[in-house]
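Taken together, the values in this text are just the output of simple stated rules run on the coordinates, not laboratory data. As the structure is a prediction and not an experimental result, all values here were calculated from the model. As a convention, Cβ positions derive from the backbone with ideal geometry for all residues, glycine included, and neighbour counts pool all protein chains shown.
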Amino acid sequence: MSTRFARFTRRTGVGTAALLATGALVAPSAVADEKPHCAVDARTGAETCFATLPEALDAAKSGQGNGPRVMAGDVIQGTFFDDPQYGGSSLTVYGTAPCEKDGWVNYQYDLPDDWKNRISSVQPWANCWLWLYPEPNLGGDRDGPFEENAPDIGAFMNDRTQSIGFS
């Protein structure tokens with residue numbers, strides 16, 4: 001790292017800290033959506049967001065409260081996180097059935113614009129293996145399958161996912 005860049009980084013870091021301390025600059029987490037955990041129906045794209053991950057998971061599993069109404073037989077197919085180690089905001093995708101192990105992508109989901117290029121960790125559900133793609137409609141080189149919880153999806157697809165295949 002050049003000395004010039006190091007000085008710039010130190011100065012901006014100190015300046016940012018001072019602005020945060022005085023309230024002149026609002027931290028990104030303070031302006032983030034107050035309900036950063038969302039459950040989405042893969043078929044319709046209907047999304048409902050909550051303050052906590054357990055609320056989003058409960059809504060996706062049971063359709064209770066103001067959450068998305070889940071018909072009998074619907075299941076959570078995957079949960080995706082903004083940060084490594086299952087941190088930050090989350091998006092839980094639910095659909096009609098568990099995945100079949102038949103060698104094919106059984107379901108696909110194109111991420112909405114506000115979730116494109118954000119995923120850093122994943123949790124597969126309902127017998128699904130997750131395939132991550134850098135383009136909509138399962139386009140481009142894929143990464144996966146993620147067969148188990150992955151607290152860090154790795155550098156190849158980190159913050160690059162735009163569509164997901166469930167197999």
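Is it the case that some residue within segment 118-141 is loosely packed, with under 13 Cβ neighbours inside 10 Å and within 11 Å of the chain's Cα centre (by Cα)? Looking for residues that are loosely packed, with under 13 Cβ neighbours inside 10 Å and within 11 Å of the chain's Cα centre (by Cα), one finds none in segment 118-141, hence no.
Determine whether residue 154 is farther than 21 Å from residue 38 by Cβ and small (Gly, Ala, Ser). Judged against the criteria, residue 154 is a match.
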